[in-house]
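A.B. asks: This is the structure I want to talk about, given as structure tokens.
The values are calculated or read from the model by the stated rules, or taken from the named source; none is laboratory data. Note that the structure is predicted; figures quoted are calculated from it, not measured. Methodologically, a virtual Cβ is constructed for each residue, glycine included, from the backbone with ideal geometry; neighbour enumeration extends over all protein chains shown.
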Amino acid sequence: MHLPRPPRRRSAPWAAAAFTATALAAGVLPAVAADTASTTHTARVDSALSSAVAKGGEAKFFVVLEDRADLTAAKKQSTHAKAARAAYKALRANAEDSQKSLASFLDQEKVGHKDYWIANAVQVTGGKKLVDALARRSDVKELVKARTYKLDDIETSDARITGARTAADGGTVGDASPTWGVTDIKADQVWDRYQDRGEGIVVASVDSGVQADHPDLVDNYRGNNGDGTFSNDYNFYDPSGECATSTTPCDNAGHGTHTMGTMVGRNGIGVAPHAKWIAAKGCESDSCSDENLLAAGQWILAPTDHNGLNPRPDLAPNIVNNSWGGGVTTFYKDVVEAWNSAGIFEAFAAGNDGDGTTCSTTRAPGAQDTSYGVGAYDSTGRIADFSGFGPSPVDSSAKPNISAPGVNVTSAWPGSAYNTINGTSMATPHVAGAVALLWAADPSLIGKIDETRALLDEGARDVDDTHCGGTAGMNNVWGQGKLDILASVDAASHTAVAVSGKVTDQATGKALGNITVRASSAASGTRTVTTGSDGSYRLTLAPGTYDFTLSGYGFRSRTLSGVELTTGSPLTQDVALTAAPSRAVTGTVLDTTGKPLKGATVEVNGSPLAPVTSGSDGTFTLPKVAEGTYALYVKPAQPVLCNGAFTDTLTVDGDETRTVRLPARPDAAGHTCAPSSYAWIAGADKVSLSGDEDAKTVPLPFPVSFYGVKYSSAAVTTDGLIDFLAPRIGDYENEALPSQAQPNGIVAPLWDDLALDKKSSVQTATTGTTGSRKFAVVWNNVLFAGSSDRASFEAVFDEATGAITFQYKSVPGAGSSATVGIENQAGTDALQYSSDQAVLTAGSAIRFAQGATS
């Protein structure tokens with residue numbers, strides 16, 4: 001019988017550094033590096049971890065290393081994109097260098113690990129022996145038990161609004177009046193006085209996700225292509241794995257949708273309704289684990305595709321909202337410092353642990369000195385009785401930094417609805433949205449964290465309440481006082497130049513909506529806006545020389561080069577675009593072996609055209625594609641097997657014909673698979689296994705490299721598994737890979753509920769000569785538990801190439817109940833061939849090739 005594994009939770013493969021390859025003599029493991037142990041140094045071990053492992057227990061915990069990256073160069077960069085790239089480079093380089101010795105030690109001990117660069121920490125699971133060994137290492141600063149934090153508790157009156165906003169909620173159907181919070185911080189006056197609604201600024205959240213198609217949020221989601229299609233890569237990230245698919249934004253708690261609505265929502269609910277937004281789902285629901293928060297924190301600094309790969313720090317947001325907390329977190333102090341070095345402004349909720357009188361009730365990370373913490377007040381101007389007060393219980397710093405509306409706040413809610421709720425969670429996005437207004441009005445402030453905080457503090461309305469210490473101007477109840485973004489914008493520099501205009505069709509004069517207007521300057525970077533339905537656009541830019549590029553589907557792109565912007569001279573720049581003719585795009589999709597592939601989806605990203613699927617002969621036709629440059633994206637239908645997705649630039653300047661051969665699908669470490677020639681190796685040496693659940697460790701005739709770690713032995717199980725980490729972890733029902741649930745570090749030629757009887761055996765065999773040997777683990781005539789079906793299959797390790805080949809002599813049901821693939825030692829990366837899919841055939845072979853591991 002099998003015990004079910006815990007529910008699968010996908011993890012960010014890019015967040016886990018690959019396991020480091022170490023040159024070894026056959027069967028010999030590396031010595032511990034000289035800097036790994038000390039007779040005098042003992043790292044701090046937090047009390048929660050000590051308690052968890054005191055009586056033989058195991059715990060998931062983080063090894064925090066001593067070294068920190070030098071972020072000085074990042075802080076000196078002239079643009080936001082350059083700063084983010086420099087910070088990312090410095091953090092990755094520092095982590096890769098300082099974690100090498102620790103990774104080597106963990107690999108030697110067969111301990112799976114997940115490595116993070118933004119906080120220079122490594123996640124492991126183990127008991128007291130491992131804790132003690134790690135604490136003695138001179139490169140380790142502290143060991144911290146994995147924790148789960150909470151989204152800021154929702155103090156709610158249960159006043160959910162299921163339809164449009166009403167006058168009682170501060171607005172009317174359609175063009176609603178602003179909510180009381182928006183007017184209280186005077187954001188609406190900034191709109192009117194400065195014609196500023198956050199244009200060209202990107203905000204983000206680390207929260208429970210966002211309903212991307214909420215009517216008040218869909219238009220300014222950065223992933224909205226404006227033509228009915230969405231590009232979620234680099235715009236939404238779900239390390240928690242809770243969304244139905246990792247490519248589709250979701251919110252299973254409502255919290256993230258509500259906070260995003262307050263930042264940028266339309267219909268009167270948002271402070272900066274023309275800013276763009278992206279989001280990382282760092283919280284599984286109303287709780288947020290360390291590992292997902294760290295993965296989200298990394299993604300904010302360097303957004304990735306939906307697989308967590310191909311990071312793009314140049315696409316980092318300007319601002320990030322965090323309405324969660326609790327306890328003490330080492331990591332987010334490091335994360336905040338990393339964000340700030342990249343010019344990303346962060347706002348944190350001060351927490352809802354207050355009672356109206358007691359001091360030192362703020363919560364980390366909002367209570368930490370590096371964070372900009374936000375308290376809450378109501379529409380009568382009174383501090384909320386739940387709002388956390390300072391001084392900080394973490395480091396005695398003055399907290400909160402500022403206060404904002406946080407009681408009876410109406411904002412977006414999943415289901416295209418609204419909800420009116422309370423909390424410092426609701427106050428914090430008022431601050432994040434306010435910074436978007438400030439930076440849009442004064443782009444010289446973009447990325448300048450200290451100067452921005454100073455202007456927010458200067459503009460705040462003082463409230464004299466010193467019962468927790470401080471002064472009338474800065475105290476531990478209100479911080480600097482009530483947020484007043486109009487005063488802050490008034491106090492900012494007004495040297496920026498407003499550029500506005502209208503984009504039309506040159507032939508008809510018709511206004512063109514959803515045209516992207518991109519302004520680029522070597523000194524100031526790039527800002528982007530899209531035209532409204534009336535063709536209008538507006539952008540405030542620092543003085544200088546810019547190139548303006550205008551583009552949109554169905555029209556030829558146009559660039560206006562060398563446009564000089566001078567303080568005091570607003571520019572009206574109307575632009576007419578020429579329509580582009582349509583052409584036919586046809587082609588054929590082939591699989592990795594070169595055979596025509598039926599049912600593949602063919603998309604022209606950047607166009608509103610509906611995807612088409614390839615026919616039985618692999619052919620496809622897109623009859624009318626406007627001339628222009630796009631991304632041609634082709635993905636195989638399920639089951640994908642070894643086929644990967646294809647992406648390439650498609651330039652349409654006439655009728656186009658493309659033959660697309662799908663690449664091999666890689667995992668994060670670069671492993672790939674492909675059908676191979678069948679060459680069965682008969683078993684020779686019996687492995688002493690029996691019954692339904694059994695495992696036996698066998699020696700390997702040559703060192704086997706697996707995800708960068710070399711092994712001299714492995715455990716073979718009755719259930720069609722080879723396990724490099726443990727001789728017997730437990731009995732687990734097979735499931736999709738990867739999963740951080742045990743077992744990890746596995747080779748699965750046919751992972752299922754299998755058993756051995758008198759007609760069955762498991763054997764090994766070694767063939768060839770030194771340097772070109774093959775080692776086979778062979779399951780002969782094994783029985784599927786609870787049935788009379790039997791299978792014969794094997795896994796073959798190749799000394800010369802490092803490849804692993806699965807061969808199938810007989811497979812009843814074509815493997816319809818089995819998992820086939822390989823998974824790394826942390827359960828964060830895998831190359832799955834199939835899971836519960838009838839795709840295996842007798843006399844077939846699948847070869848898994850080793851990829852890059854660093």
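A.B. asks: Which of the strands (runs of 3 or more DSSP E) contained wholly in region 586-697 include at least 1 residues that are of a type in the set (V, I, T) and under 22 Å from G552 (Cβ atoms)?
C.D. replies: In region 586-697, 601-605, 619-626, 628-635, 646-652 are the strands (runs of 3 or more DSSP E) which contain 1 or more residues that are of a type in the set (V, I, T) and under 22 Å from G552 (Cβ atoms).
A.B. asks: Of the conditions (1) surrounded by 14 or more Cβ atoms within 10 Å (Cβ to Cβ); (2) among the small types (G, A, S); (3) modelled with pLDDT of 95 or more, A631 fails just one. Which one is it?
C.D. replies: (3)
A.B. asks: To continue, here is another question. Run A795 past the list (1) among the small types (G, A, S); (2) outside any strand (DSSP E or B); (3) closer than 30 Å to A103 by Cβ and report the number of the one that doesn't hold.
C.D. replies: Going through the list (1) among the small types (G, A, S); (2) outside any strand (DSSP E or B); (3) closer than 30 Å to A103 by Cβ, A795 breaks only (2).
A.B. asks: Going by the structure shown, is S810 out of contact with any strand residue (DSSP E or B) (no Cβ under 8 Å at 6 or more places or on another chain) and surrounded by fewer than 24 Cβ atoms within 10 Å (Cβ to Cβ)?
C.D. replies: no
Here's the yes/no breakdown for (1) farther than 24 Å from V407 by Cβ; (2) assigned by TED's automatic domain parsing to the domain that holds R68; (3) of a type in the set (V, I, T); (4) modelled with pLDDT of 95 or more:
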{"residue": "E242", "(1), (2), (3), (4)": "yes, no, no, no"}
{"residue": "G265", "(1), (2), (3), (4)": "no, no, no, yes"}
{"residue": "H274", "(1), (2), (3), (4)": "yes, no, no, yes"}
{"residue": "D286", "(1), (2), (3), (4)": "no, no, no, no"}
{"residue": "A302", "(1), (2), (3), (4)": "yes, no, no, yes"}
{"residue": "G326", "(1), (2), (3), (4)": "no, no, no, no"}
{"residue": "A338", "(1), (2), (3), (4)": "yes, no, no, yes"}
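A.B. asks: Out of region 409-463, which residues are small (G, A, S), farther than 25 Å from T79 by Cβ and out of contact with any strand residue (DSSP E or B) (no Cβ under 9 Å at 6 or more places or on another chain)?
C.D. replies: G415, S416, G459
A.B. asks: On to the next question. Could you tell me how many of the residues in region 224-240 are over 30 Å from N422 (Cβ atoms), of a type outside the set (S, T, Y) and in a loop (DSSP other than H, G, I, E, B)?
C.D. replies: Total satisfying the criteria: 6.
A.B. asks: Under 8 Å between Cβ atoms, at least 6 apart or on separate chains: pull out the pairs that start in region 297-325 with a residue that is on the phi < 0 side of the Ramachandran plot and end on any residue that is surrounded by fewer than 18 Cβ atoms within 10 Å (Cβ to Cβ) and of a type outside the set (A, V, I, L, M).
C.D. replies: Filtered contacts from region 297-325: A302/R312; P303/R312; T304/N310; T304/R312; H306/T247; W324/K150.
A.B. asks: Another question, then. Any idea which of (1) assigned to a strand (DSSP E or B); (2) buried (at least 21 other Cβ atoms within 10 Å of the Cβ); (3) not charged (D, E, K, R) is the one P701 doesn't satisfy?
C.D. replies: The one condition P701 does not meet is (2).
A.B. asks: If you don't mind, another one. Hey, can you tell me all the residues within region 276-318 that are closer than 20 Å to I446 by Cβ and in a loop (DSSP other than H, G, I, E, B)?
C.D. replies: Result: A302, P303, R312, A316, P317, N318.
A.B. asks: Let me ask you something else. Kindly evaluate T572 against the criterion of being on the phi < 0 side of the Ramachandran plot and under 30 Å from the mean Cα position of the chain (by Cα).
C.D. replies: No.
Residue-wise test of (1) outside the structural domain of I822 (by TED's automatic domain parsing); (2) farther than 26 Å from G843 by Cα.
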residue	(1), (2)
Y630	yes, yes
P639	yes, no
T651	yes, yes
D655	yes, yes
A726	no, yes
A736	no, no
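A.B. asks: So, of the residues in region 406-433 that are closer than 10 Å to G375 by Cα and within 23 Å of the chain's Cα centre (by Cα), which turns out to be surrounded by the most Cβ atoms within 10 Å (Cβ to Cβ)?
C.D. replies: Applying the filter and picking the extreme gives T428.
A.B. asks: Another one. Residues being under 21 Å from V335 (Cα atoms) and touching a strand residue (DSSP E or B) at 6+ places or on another chain (Cβ under 8 Å): count how many of those fall in region 103-124.
C.D. replies: 10
A.B. asks: Given the options D395, D457, name the one that is under 15 Å from G375 (Cα atoms) and either over 30 Å from the mean Cα position of the chain (by Cα) or at pLDDT below 95 (or both).
C.D. replies: Residue meeting the stated conditions: D457.
A.B. asks: While we're on this one: Do any residues in region 487-499 that are more than 15 Å from A523 (Cβ to Cβ) and in contact (Cβ under 8 Å) with a residue 12 or more places away in the chain have Cβ atoms under 9 Å from those of residues that are hydrophobic (A, V, I, L, M, F, W, C) and in a loop (DSSP other than H, G, I, E, B), where the two are at least six apart or on different chains, and which pairs are they?
C.D. replies: Within 9 Å, the pairs are A487/A460; S488/A460.
A.B. asks: Confirm whether S289 is surrounded by fewer than 24 Cβ atoms within 10 Å (Cβ to Cβ), touching a Ser or Thr at 6+ places or on another chain (Cβ under 8 Å) and under 12 Å from V210 (Cα atoms).
C.D. replies: Against the criterion (surrounded by fewer than 24 Cβ atoms within 10 Å (Cβ to Cβ), touching a Ser or Thr at 6+ places or on another chain (Cβ under 8 Å) and under 12 Å from V210 (Cα atoms)), S289 does not qualify.
A.B. asks: Continuing with the same structure: Among the candidates A726, A741, A755, single out the residue that is over 19 Å from V111 (Cα atoms) and touching a residue at least 12 places away in the same chain (Cβ under 8 Å).
C.D. replies: Of the residues listed, the single one that is over 19 Å from V111 (Cα atoms) and touching a residue at least 12 places away in the same chain (Cβ under 8 Å) is A755.
A.B. asks: Within region 48-96, can you find the residues that are within 14 Å of V335 (Cα to Cα) and charged (D, E, K, R)?
C.D. replies: Result: R68, D70, R92.
A.B. asks: Let me ask you something else. Where the second residue is surrounded by fewer than 15 Cβ atoms within 10 Å (Cβ to Cβ) and in a loop (DSSP other than H, G, I, E, B) and the first is of a type in the set (F, W, Y) and lies in region 453-469, which pairs have Cβ atoms under 8 Å and are six or more apart or on separate chains?
C.D. replies: Matching pairs, first to second residue: none at all.
A.B. asks: Might you check whether a residue that is modelled with pLDDT under 95 and within 30 Å of V585 (Cβ to Cβ) occurs anywhere in region 700-713?
C.D. replies: Within region 700-713, not a single residue is modelled with pLDDT under 95 and within 30 Å of V585 (Cβ to Cβ).
A.B. asks: Condition first: crowded, with 19+ Cβ neighbours inside 10 Å, part of a loop (DSSP other than H, G, I, E, B) and touching a Gly at 6+ places or on another chain (Cβ under 9 Å). Now tell me which residues in region 813-836 satisfy that.
C.D. replies: Selection gives A818, N824, Q825, A826, G827, T828.
A.B. asks: Say we look at region 497-519 and pick out the residues that are among the aliphatic types (A, V, I, L, M) and farther than 28 Å from D442 by Cβ; which of these is surrounded by the fewest Cβ atoms within 10 Å (Cβ to Cβ)?
C.D. replies: Checking each candidate, the answer is A507.
A.B. asks: Check T593 against each of (1) in contact with a helix residue (DSSP H, G or I) (Cβ under 8 Å, 6 or more places away or on another chain); (2) surrounded by fewer than 16 Cβ atoms within 10 Å (Cβ to Cβ) and name the one condition it does not meet.
C.D. replies: (1)
A.B. asks: How about region 329-363: which of its residues are in contact with an Asp or Glu (Cβ under 9 Å, 6 or more places away or on another chain), within 25 Å of W117 (Cβ to Cβ) and of a type in the set (V, I, T)?
C.D. replies: T329, T330, V335, V336
A.B. asks: Within region 365-391, how many residues are surrounded by fewer than 24 Cβ atoms within 10 Å (Cβ to Cβ) and either of a type in the set (G, A, S) or not assigned by TED's automatic domain parsing to the domain that holds N340 (or both)?
C.D. replies: 3
Residues are listed down the side, and each one gets a yes or a no for (1) in contact with a helix residue (DSSP H, G or I) (Cβ under 8 Å, 6 or more places away or on another chain); (2) more than 24 Å from V503 (Cβ to Cβ); (3) not small (G, A, S); (4) not assigned by TED's automatic domain parsing to the domain that holds T516:
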{"residue": "D534", "(1), (2), (3), (4)": "no, no, yes, no"}
{"residue": "D547", "(1), (2), (3), (4)": "no, no, yes, no"}
{"residue": "G562", "(1), (2), (3), (4)": "no, no, no, no"}
{"residue": "V589", "(1), (2), (3), (4)": "no, yes, yes, yes"}
{"residue": "T601", "(1), (2), (3), (4)": "no, yes, yes, yes"}
{"residue": "G606", "(1), (2), (3), (4)": "no, no, no, yes"}
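A.B. asks: Looking at G501, G532 in this structure, which one is of a type in the set (G, A, S) and not in a strand (DSSP E or B)?
C.D. replies: Every option except G532 fails the conditions.
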